[in-house]
Amino acid sequence: MELLKERILKDGKSFDGGILKVDSFINHQMDPVLMKAIASEFVQRFSDLNINKIITIEASGIAPAIMVGLELNLPVVFVKKAKPKTMAGFYASQVYSFTKDRTYDVCVSSQFLNENDNVIFIDDFLANGNAALGVENLIKQSGANLLGMGFIIEKSFQEGRDRLLNENIRVESLIRLKSLGDNSIIFEEQ
Ligand code: G4P
Ligand code: NA
Ligand code: NA
């Protein structure tokens, strides 16, 4: 996605250790016009599917996911990163975060995800894929069908994509990064 590539080069900041900061347009301040274009690209890429619901995870996945939901006129469910007060009526799983070196709980209510649902998952970053695999686990527990996963930015030098492909998950990433270094952003050839 050319528009996104240009924006990353203009406003993204990359750091040694493979971190890309996109705080001025995705992760802190947000650009709704860009987010709308991002959603349209996801809609186009998944246009062959019969989806009835969008799923994402708080916090940064919500903005792109709700834009996709708006364009498709479909509900958007976000997975919560908190332990439910009672486990009744919830599917729960655990996710290990490499960047934070800790494990957290993720959960979703059985009220909003069940075997009649055909969903795509939308998130901002695909890194190691732990968050995405945690969500896949919740989707499996619910009996819903996972039709694909869409990411705004994929860090292709990390293992997330391969781990999702191993699970036979269709992966659509709008930008694929080959490497990130101190002030250097290299894109995969597309
Ligand atoms: P994983 O889920 O792919 O395994 O990711 P990892 O544990 O490595 O990353 C944890 C968090 O850091 C995720 O957000 C992920 O989106 C984010 N992240 C990973 N790499 C980068 C990066 O290079 N730049 C930025 N800006 N974020 C990155 P989170 O903390 O779970 O959630 P959120 O509340 O920000 O959505
Ligand atoms: Na995220
Ligand atoms: Na994030």
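The values are calculated or read from the model by the stated rules, or taken from the named source; none is laboratory data. Here the structure is a predicted model, which means the values were calculated and not measured. Here the Cβ positions follow ideal geometry from the backbone for every residue, glycine too, while neighbour counts run over all protein chains shown. Protein only, heavy atoms only, side chains kept; ligands, DNA and RNA dropped before computing areas. Shrake-Rupley method; radii C 1.70, N 1.55, O 1.52, S 1.80 Å.
Numerical summary
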| quantity | calculated |
| --- | --- |
| Any chance residue 173 is within 20 Å of residue 46 (Cα to Cα), among the polar types (S, T, N, Q) and within 16 Å of ligand 2 (Cβ to nearest atom) | yes |
| Qualifying residue in segment 144-152 (condition: outside any strand (DSSP E or B) and either free of Cβ contacts under 8 Å to residues at least 24 places away in the same chain or open to solvent by 30 Å² or more (accessible area, probe 1.4 Å) (or both)) | no |
| Restricting segment 106-142 to residues that are open to solvent by 40 Å² or more (accessible area, probe 1.4 Å) and in contact with a Lys or Arg (Cβ under 9 Å, 6 or more places away or on another chain), the residue that is farthest from ligand 3 (Cβ to nearest atom) | 118 |
| Selection within segment 1-27 - among the charged types (D, E, K, R) and either at pLDDT 95 or above or surrounded by 13 or more Cβ atoms within 10 Å (Cβ to Cβ) (or both) | 2, 5, 6, 7, 10, 11, 13, 21, 23 |
| Residues that are surrounded by 14 or more Cβ atoms within 10 Å (Cβ to Cβ), touching a Phe, Trp or Tyr at 6+ places or on another chain (Cβ under 8 Å) and farther than 18 Å from residue 114 by Cβ, drawn from segment 67-95 | 68, 81, 95 |
| Filtered residue count, segment 119-143, keeping only those that are within 22 Å of residue 21 (Cβ to Cβ), touching a residue at least 40 places away in the same chain (Cβ under 8 Å) and in contact with a Phe, Trp or Tyr (Cβ under 6 Å, 6 or more places away or on another chain) | 2 |
| Count of segment 153-168 residues which are in contact with a strand residue (DSSP E or B) (Cβ under 8 Å, 6 or more places away or on another chain), more than 16 Å from residue 19 (Cα to Cα) and either in a strand (DSSP E or B) or open to solvent by 10 Å² or more (accessible area, probe 1.4 Å) (or both) | 2 |
| Hits in segment 39-51 (condition: touching a strand residue (DSSP E or B) at 6+ places or on another chain (Cβ under 9 Å) and either modelled with pLDDT under 95 or more than 15 Å from residue 121 (Cβ to Cβ) (or both)) | 41, 50 |
| Filtered residues of segment 82-98 (kept if closer than 27 Å to residue 67 by Cα, within 16 Å of ligand 2 (Cβ to nearest atom) and modelled with pLDDT under 95) | 82, 97 |
| Segment 28-53 - residue that is under 30 Å from residue 115 (Cα atoms) and of a type in the set (Gly, Ala, Ser) and, of those, surrounded by the most Cβ atoms within 10 Å (Cβ to Cβ) | 39 |
| Residue 128 under 17 Å from the mean Cα position of the chain (by Cα), more than 18 Å from residue 36 (Cα to Cα) and in a loop (DSSP other than H, G, I, E, B) | yes |
| Failed item, numbered, when residue 56 is tested on (1) surrounded by fewer than 18 Cβ atoms within 10 Å (Cβ to Cβ); (2) within 15 Å of ligand 3 (Cβ to nearest atom); (3) within 15 Å of residue 149 (Cβ to Cβ) | (1) |
